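The values are calculated or read from the model by the stated rules, or taken from the named source; none is laboratory data. This one's a predicted model, so the numbers in the text were calculated from it and none came from an experiment. Virtual Cβ from ideal backbone geometry, glycine too; neighbours counted across all protein chains shown.
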Ligand code: DC
């Protein structure tokens, strides 16, 4: 019986993490866990309760106590289906603020470890290979040029900002989020030393999926 791996996929927004992680999970029959959706759902609930996303203690209470359902593309927090509601410019900004709080990260990282500890998981985020599962079996870091990432985000039908948004506005917001994600004190977006870096600029998503599958298959083979 083949061991079921932990596969970490990190990188900035618009690098193609979601599409690649979903496809790889489907091919392997693994679970796909989108950890960004957890930060977004916590931000959604905080705003719903009239909290300031910068209010660390109260936001951390939500991260600690909420129930999440992230199975099969669902995103539910405490029973609310927020799959669409969390893809807005307002939540983009609130989630980045929420993700800066050490207490929020502690709570969500603990939950992510529980979700992935048994293996058979493709987990995507910013700190999966560096902080959540530093011993992950496969670590991929996906990247793309800022221009390409902004283009993809603007063309993403799942994202509310894509409706009539100017590409320059999307690029500006993305750059602000990149800065917030990579300069925060706790678990900033960073490349794990043992990650395989794949630049997806100008490449077909299927090519990237194929590349990741080769790395996974090699890993499975060398396990014996
Ligand atoms: O991947 P995303 O855009 O849905 O992530 C939403 C926010 O959460 C973004 O600001 C990055 C942050 N995030 C994080 O800090 N750590 C993760 N593991 C996943 C997302």
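Test residue 37 against the criterion of being buried (at least 21 other Cβ atoms within 10 Å of the Cβ) and touching a helix residue (DSSP H, G or I) at 6+ places or on another chain (Cβ under 6 Å), and give yes or no. When the stated conditions are applied, residue 37 does not pass them.
Here is a yes/no grid of residues against (1) within 16 Å of the chain's Cα centre (by Cα); (2) closer than 24 Å to residue 186 by Cα:
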{"position": "60", "(1), (2)": "no, yes"}
{"position": "72", "(1), (2)": "yes, no"}
{"position": "75", "(1), (2)": "yes, no"}
{"position": "85", "(1), (2)": "no, no"}
{"position": "91", "(1), (2)": "yes, yes"}
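What do you reckon, is residue 151 surrounded by 16 or more Cβ atoms within 10 Å (Cβ to Cβ), more than 17 Å from the chain's Cα centre (by Cα) and not in a loop (DSSP other than H, G, I, E, B)? So residue 151 passes the test. The residues in the range 96-126 that are more than 14 Å from the chain's Cα centre (by Cα) and assigned to a loop (DSSP other than H, G, I, E, B) can be counted, and the count is 6.
Taking each residue of the range 72-100 that is in contact (Cβ under 8 Å) with a residue 40 or more places away in the chain and closer than 20 Å to residue 32 by Cα and looking for partners that are away from the ligand (no atom under 12 Å from the Cβ) and assigned to a helix (DSSP H, G or I) with beta-carbon atoms closer than 7 Å, six or more apart or interchain, yields 87/160. Only residues that are in a helix (DSSP H, G or I) and surrounded by 13 or more Cβ atoms within 10 Å (Cβ to Cβ) were counted across the range 178-209, and they come to 6. Any residue in the range 101-110 that is in contact (Cβ under 8 Å) with a residue 12 or more places away in the chain, over 18 Å from residue 185 (Cα atoms) and within 13 Å of the ligand (Cβ to nearest atom)? Scanning the range 101-110, I find no residue that is in contact (Cβ under 8 Å) with a residue 12 or more places away in the chain, over 18 Å from residue 185 (Cα atoms) and within 13 Å of the ligand (Cβ to nearest atom), so the answer is no. Of the helices (runs of 4 or more DSSP H) lying entirely inside the range 1-95, those carrying at least 2 residues that are in contact with a strand residue (DSSP E or B) (Cβ under 8 Å, 6 or more places away or on another chain), at pLDDT 95 or above and within 15 Å of the ligand (Cβ to nearest atom) are 17-28, 35-48.
Table: residues versus (1) within 12 Å of the ligand (Cβ to nearest atom); (2) free of Cβ contacts under 8 Å to residues at least 60 places away in the same chain; (3) closer than 18 Å to residue 14 by Cα.
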{"position": "121", "(1), (2), (3)": "no, no, no"}
{"position": "125", "(1), (2), (3)": "yes, no, yes"}
{"position": "128", "(1), (2), (3)": "yes, no, yes"}
{"position": "131", "(1), (2), (3)": "yes, yes, no"}
{"position": "137", "(1), (2), (3)": "no, no, no"}
{"position": "142", "(1), (2), (3)": "yes, no, yes"}
{"position": "147", "(1), (2), (3)": "no, yes, yes"}
{"position": "154", "(1), (2), (3)": "no, yes, yes"}
{"position": "157", "(1), (2), (3)": "no, yes, yes"}
